[in-house]
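What follows is a short report on a single structure.
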Amino acid sequence: MSDGIRLTHFGLCVRDIGRAERFYCGALGFEVVGRMTVDDDATAQLLDVPGLLLELVYLQRDGFRLELLGYARPVTVGDHGPRPMNALGFTHLSFRVDDADRVVTAIVAHGGRALTERTVAFGGGNRGLMATDPEGNLLELIERTADR
């Protein structure tokens, strides 16, 4: 499509950018593709965060780019923990996996949390599991059987 629009990334604000980078790279196989620190007035105006000092880390996996935003100032605001799936806004990151148990083990080992009470079996043998990153952002894992 040549409409002059190109999706570049999704942004995820985190309290501890180093921990988030280690988690997404170590547990989910993202690679760092860029870093930037910004503290200029234009960025502060664009993001509507006056006086910001912002560290950005760009991660990539499967052609998908995730921008981690770590605010040194002002402090990061908001609740820690999973947002309800019926709350307005982006709700989760979803991954298709071959071995959900192995991925959940890696998530927990890197500071995330398994939401075992939300593990389900779908018709046809596929499984769905939910977990969180260390910040409480939801991660959906869909394990597909070999014939699907």
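Every number in this text was worked out from the coordinates using simple rules, so none of it is lab data. Given the structure is predicted, the values throughout are model-derived calculations rather than measurements. Using ideal geometry, Cβ is built from the backbone for each residue, glycine included, and neighbour counts are taken over all protein chains shown.
Some values worked out for this structure:
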quantity: Residues satisfying the stated conditions in segment 111-141, i.e. farther than 25 Å from Gly78 by Cβ and basic (Lys, Arg); calculated: Arg127
quantity: One residue from Leu7, Leu93, Leu88 being surrounded by 13 or more Cβ atoms within 10 Å (Cβ to Cβ) and of a type in the set (A, V, I, L, M, F, W, C); calculated: Leu93
quantity: Condition check for Leu93: over 17 Å from Asp133 (Cα atoms), assigned to a strand (DSSP E or B) and of a type in the set (A, V, I, L, M); calculated: no
quantity: Selected residue [under 11 Å from the mean Cα position of the chain (by Cα), among the charged types (D, E, K, R) and surrounded by 13 or more Cβ atoms within 10 Å (Cβ to Cβ)] from Arg83, Arg65; calculated: Arg65
quantity: Output for segment 50-90, where each listed residue is part of a strand (DSSP E or B) and aromatic (Phe, Trp, Tyr); calculated: Tyr58, Phe64, Tyr71
quantity: Selected residue [surrounded by 13 or more Cβ atoms within 10 Å (Cβ to Cβ), of a type in the set (A, V, I, L, M) and touching a residue at least 60 places away in the same chain (Cβ under 8 Å)] from Ala106, Ala100, Ala131, Ala114; calculated: Ala106
quantity: Residue count for segment 113-128, restricted to those that are farther than 11 Å from Leu141 by Cβ, of a type outside the set (D, E, K, R) and touching a helix residue (DSSP H, G or I) at 6+ places or on another chain (Cβ under 9 Å); calculated: 1
quantity: Within segment 19-49, tally of residues that are in contact (Cβ under 8 Å) with a residue 24 or more places away in the chain and part of a helix (DSSP H, G or I); calculated: 10
quantity: Search result, residues across segment 92-114 that are of a type in the set (Val, Ile, Thr) and either over 14 Å from the mean Cα position of the chain (by Cα) or under 15 Å from Val14 (Cα atoms) (or both); calculated: Val97, Val103, Val104, Thr105, Val108
quantity: Residues that are within 23 Å of Arg113 (Cα to Cα) and free of Cβ contacts under 8 Å to residues at least 24 places away in the same chain, drawn from segment 65-78; calculated: Val77
